[in-house]
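Structure first, commentary second.
Laboratory data are not the source of any read-out in this text; all were calculated from the coordinates shown. Here the structure is a predicted model, which is why all the values come from computation and not from measurement. No Cβ is skipped: glycine too gets one built from the backbone with ideal geometry, and neighbour counts run over all protein chains shown.
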Ligand code: NAD
């Protein structure tokens, strides 16, 4: 097992944290049963994936899901200590995971991480644009600074990510991009969080637009729309009456778990979803069915 930190002559801050560990050759975790799960595993074996916002919540569950199914994963975030720890823990379990610093609103950092991934692993097959922040402010409460910051991360960050990986995916014959939108990318919710709704609605349509543009070049682009998921993003409302409002408003009567989103992301990333592009997949305990 090898461990590397910010070497190879780069001075970019984006590459300050860069960990590289290799699944021991002796490990043979894949069954040969021709089950649906095995089809998905075949779809991810040998694939290289980049996940943003990967240090915690849905992102860290996604790194685990992709790695469990055979992908080499570059987990990226701005929370370097948590990202380091995630990579260390998963590698200790035999996964092939590295961590790199990436603020998704920085085009320069995107370029650095994608270049480094290609240099080290040869190609990028999967991008999960998961990084995101939340707000509660309505139209009148939102500030220009708050709006600009959220849009830079949740919306511009998704575009920059697609822009960074698509040239390589095209050259490679294809790839799969999964963009995290939300139930609030499709409906107005509680009338709060104007910037969040704007960004998630944009992610939904950027997904469809890019899906059409690159369909004939083998690049699939789909969006995932979680309902209320029990992650640090909901920390501010946990234990408040609003948590009960979310639970009561969800037909399944509970919050979702990060792994319940990660499994769907892994499916869309894999060749098992080879005829899916431009799709919006709701994973919300029935919320949008109402
Ligand atoms: P989370 O807050 O637990 O994790 C988000 C991650 O994004 C964090 O690790 C954070 O450090 C990272 N991040 C923030 N700004 C960043 C930046 N500029 N560059 C790179 N990384 C950055 O949230 P989560 O619940 O796991 O959310 C993951 C995604 O799912 C988000 O896009 C979110 O909008 C979406 N989502 C979440 C819910 C939910 O209920 N939790 C519902 C619908 C959609």
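The figures follow:
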{"read-out": "Efficiency of FRET from Cβ geometry, residue 216 and residue 289, R₀ 45 Å, rounded to 0.05", "value": "0.85"}
{"read-out": "Cα centroid separation - the range 238-290 against the range 98-142, whole Å", "value": "22 Å"}
{"read-out": "Net lengthening on full extension, residue 140/residue 80 (0.36 nm per residue, minus Cα-Cα)", "value": "18.2 nm"}
{"read-out": "Within the chain, percent of DSSP bridges classed antiparallel, to nearest 5", "value": "5 percent"}
{"read-out": "Per-q log10 I(q)/I(0), the chain, q = 0.10, 0.14, 0.17 Å⁻¹ (Debye; single scatterer per alpha-carbon; no solvent)", "value": "-0.50, -1.01, -1.46"}
{"read-out": "Candidates 277, 52, 143, ranked by Gaussian network fluctuation over the chain, Cα under 10 Å, top entry", "value": "143"}
{"read-out": "Relative contact order computed over the range 159-254 (Cα-Cα under 8 Å; 6+ residues apart), in percent", "value": "31 percent"}
{"read-out": "C-alpha center-to-center spacing [the range 213-231, the range 157-189] in angstrom", "value": "6 Å"}
{"read-out": "Segments 188-195, 278-285 sorted - mean Cβ within 10 Å per residue, highest first", "value": "278-285, 188-195"}
{"read-out": "Percent RCO, i.e. relative contact order, over the chain, from Cα pairs under 8 Å lying at least 6 residues apart", "value": "19 percent"}
{"read-out": "When the convex hull of its Cα atoms is projected in every direction, mean area for the range 188-290 (nm²)", "value": "7.2 nm²"}
{"read-out": "Residue of 84, 68, 148 that the Gaussian network model of the chain assigns the largest fluctuation, springs spanning Cα pairs under 10 Å", "value": "148"}
{"read-out": "Virtual spin-label span in nm between residue 248 and residue 171, 7 Å along Cα→Cβ", "value": "5.6 nm"}
{"read-out": "5 Å-binned pair-distance histogram of the range 104-222 (Cα, whole percent)", "value": "2, 12, 21, 20, 17, 12, 8, 5, 2, 0"}
{"read-out": "Residue 123 versus residue 259: modelled label distance in nm, points set 7 Å from Cα along the beta carbon direction", "value": "3.1 nm"}
{"read-out": "Ordering of 232-245, 153-166, 107-120 by burial proxy (mean other Cβ atoms within 10 Å per residue, highest first)", "value": "153-166, 107-120, 232-245"}
{"read-out": "Mean Cα-pair separation over length for the range 45-103, i.e. relative contact order, pairs under 8 Å, 6 or more apart, %", "value": "35 percent"}
{"read-out": "Top of 151, 265, 177 by mean-square fluctuation, Gaussian network on the chain, Cα under 10 Å", "value": "151"}
